[in-house]
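To start, the structure itself, in structure tokens.
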Amino acid sequence: ILGYEPAELRQMGSSLAANLVHPDDLKTYQDAMEQIARAADGEVQLYECRMRHARGEWRWIQSRRTPFTRD
């Protein structure tokens, strides 16, 4: 979707969000990650943000995440 190789994403490490998420959407992204961390098993979490494609343009991404089981 964004044109990056897995190794490129791994190299970004903890700066992945700062490198890929549009600055205007970073707070929305961070809030979504916190909500996902607190979500109950099976609870669907949705969010949208712009992310930078490997060629440099911004793309709207809609993510749907569901934690299945935590231990």
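The values are calculated or read from the model by the stated rules, or taken from the named source; none is laboratory data. Source: prediction; values computed, not measured. Backbone-built Cβ (ideal geometry, glycine too); neighbour counts: all protein chains shown. For the accessible areas, the whole protein counts, side chains as well, though only heavy atoms, and no ligand, DNA or RNA atoms are used. Shrake-Rupley method; radii C 1.70, N 1.55, O 1.52, S 1.80 Å.
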message: Keeping all protein chains in the complex and leaving out DNA, RNA and ligands, what accessible area do you get for residue 21 with a 1.4 Å probe, in Å² to the nearest 10?
response: 10 Å²
Rounded to 10°, Cα long-axis angle of helix 26-38 versus longest principal axis of the chain: 30 degrees
task: Report the semi-axes of the equivalent ellipsoid for the chain in whole Å, largest first, where each axis is √(5λ) for an eigenvalue λ of the Cα gyration tensor.
output: 23, 14, 11
- request: Mind putting a number on the dipole of the chain about its Cα centre? Charges go on the C-beta only, +1 for Lys and Arg and -1 for Asp and Glu, and I need it in Debye to the nearest 20.
  value: 140 debye
